[in-house]
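Below: one structure, written as structure tokens.
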Amino acid sequence: MPNSQKFDNSIRWGIIGCGNVTEVKSGPAYKIIDGFELTAVMRRDYEKAKDYAQRHNINKVYANADDLINDNDIDAIYIATPPDTHKLYALKVANAGKICCIEKPMSPSYKDSLKIYNAFKDRKLPLFVAYYRRLLPRFNQIKNWLENNYIGDVRHINWHLSKPASDIDKSKSYNWRTDSEIAPGGYFDDLASHGLDLFTYLLGNIKDAHGISFNQQGLYTSKDAVTACWVHENGITGSGCWNFGCDSHTDKVEIFGNKGTILFSMFHNNPITLNSETKHEELFIENPKHIQLHHVEGMRDMLIKRNYTHPSTGNSALHTSWVMDKILGQL
């Protein structure tokens with residue numbers, strides 16, 4: 001970490017791209033976590049950036065990312081723009097010698113993610129990626145069940161996620177999440193990345209992955225149907241199906257062991273269930289209002305308190321990018 005003494009008490013953050021994701025999910029956490037200050041925001045539409053700053057009591061407003069990145073009063077940057085600009089801004093942040101947190105996915109490709117990772121690694125700069133599910137209590141309870149061996153030796157994990165086409169999809173109106181230039185895998189990039197990243201957190205890194213992906217509906221340029229299989233380094237197998245043109249919304253993850261199963265949803269905030277030879281438990285664990293709160297708090301604990309190793313870094317996110325590209329046939 002550069003000049004670590006500087007961050008004994010507080011770190012001043014700036015946000016590039018203060019759009020919807022920063023309104024409730026992430027932005028407020030940078031203000032309410034003790035030791036962090038949200039000092040500046042940037043958006044190309046200056047009036048929208050100014051409105052955001054006024055509503056969230058932020059002092060500085062920019063319409064140019066370079067001005068925020070090079071502001072001497074900013075110690076760290078949170079990049080909350082669409083994925084196609086992550087590399088552009090991240091390399092500038094690294095060049096400026098500042099801490100960075102990037103919205104997931106790290107970038108639209110493993111190749112670009114590797115360039116981002118190396119830029120921060122070469123400069124020994126902290127790099128985080130907002131795979132915040134690694135820090136949510138609900139998923140850490142599942143990790144606890146696994147570590148306590150309640151379902152025995154884990155054999156397989158399966159995830160089925162399907163959703164109907166939205167009104168925006170059907171109207172063929174522009175949506176960057178389904179623009180193949182920004183998100184080649186469409187909603188798979190946006191949603192499946194969360195799950196695949198979590199699976200490596202729960203079960204270990206993946207050593208090989210394969211997939212079939214294409215566009216079934218013709219409503220947009222990105223993929224809308226993906227099926228995959230993979231194997232973790234410890235021999236646990238995995239499979240998944242993601243389809244964004246079905247009649248109902250299904251989100252079901254099941255982990256199979258030789259002594260039981262764990263059932264949960266990735267996005268639906270419903271109970272998590274353990275059924276095994278020795279324990280039966282169903283728990284409802286509510287997510288925080290600002291869902292990235294624990295993720296941001298973890299960065300504070302690592303950077304200022306220095307009593308914590310954050311689980312969602314550039315290194316772990318790079319692995320997720322590799323898995324995604326393997327499934328999409330880009331590697």
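The values are calculated or read from the model by the stated rules, or taken from the named source; none is laboratory data. For clarity, every value in this text was computed on a predicted model and none was experimentally measured. All Cβ positions, even for glycine, are placed from backbone atoms using ideal geometry, and neighbour counts span all protein chains on display. When the accessible area is computed, the model is the full protein with side chains, heavy atoms only, and any ligands, DNA or RNA have been set aside. Shrake-Rupley method; radii C 1.70, N 1.55, O 1.52, S 1.80 Å.
Of note:
- Residues in the range 217-247 that are open to solvent by 60 Å² or more (accessible area, probe 1.4 Å) and among the acidic types (D, E) were compared, and the one that is nearest to D197 (Cα to Cα) is E233.
- Test: S312 is under 29 Å from R177 (Cβ atoms), without any contact (Cβ under 8 Å) to a residue 60 or more places away in the chain and open to solvent by less than 10 Å² (accessible area, probe 1.4 Å): no
- When the range 173-188 is filtered for residues that are out of contact with any strand residue (DSSP E or B) (no Cβ under 8 Å at 6 or more places or on another chain) and buried (at least 23 other Cβ atoms within 10 Å of the Cβ), the ones remaining, listed by number, are T178, A183, G186.
- Among the residues of the range 252-290, those identified as touching a Phe, Trp or Tyr at 6+ places or on another chain (Cβ under 9 Å), of a type in the set (D, E) and either open to solvent by less than 60 Å² (accessible area, probe 1.4 Å) or modelled with pLDDT of 95 or more (or both) are E254, E281.
- Some residue of the range 28-43 being closer than 22 Å to S113 by Cα, in contact (Cβ under 8 Å) with a residue 24 or more places away in the chain, open to solvent by less than 20 Å² (accessible area, probe 1.4 Å) and not charged (D, E, K, R): no
- For the range 85-102, the condition holds for no residue, the condition being that it is surrounded by fewer than 24 Cβ atoms within 10 Å (Cβ to Cβ), under 15 Å from the mean Cα position of the chain (by Cα) and more than 18 Å from H295 (Cβ to Cβ).
- Among the residues listed as I77, I58, the single one being assigned to a loop (DSSP other than H, G, I, E, B) and either open to solvent by 10 Å² or more (accessible area, probe 1.4 Å) or not polar (S, T, N, Q) (or both): I58
- Lone qualifier among P82, P108 - being in contact (Cβ under 8 Å) with a residue 40 or more places away in the chain and surrounded by fewer than 23 Cβ atoms within 10 Å (Cβ to Cβ): P82
- Criterion: in contact (Cβ under 8 Å) with a residue 12 or more places away in the chain and either open to solvent by 50 Å² or more (accessible area, probe 1.4 Å) or not β-branched (V, I, T) (or both) - qualifying residue of F214, F199: F199
- Where A209 falls short, out of the listed (1) touching a residue at least 60 places away in the same chain (Cβ under 8 Å); (2) among the small types (G, A, S); (3) within 30 Å of S173 (Cβ to Cβ): (3)
- Restricting the range 163-172 to residues that are in contact (Cβ under 8 Å) with a residue 12 or more places away in the chain and in a helix (DSSP H, G or I) leaves a set whose member that is least open to solvent (accessible area, probe 1.4 Å) is D169.
- All conditions but one from (1) more than 20 Å from the chain's Cα centre (by Cα); (2) assigned to a loop (DSSP other than H, G, I, E, B) apply to L68; the one that does not is (2).
- Pairing residues of the range 238-251 that are in contact (Cβ under 8 Å) with a residue 40 or more places away in the chain and under 19 Å from I212 (Cβ atoms) with residues that are charged (D, E, K, R) and open to solvent by 50 Å² or more (accessible area, probe 1.4 Å), at Cβ distances under 6 Å and at least 6 apart in sequence or on separate chains, gives F244/K163.
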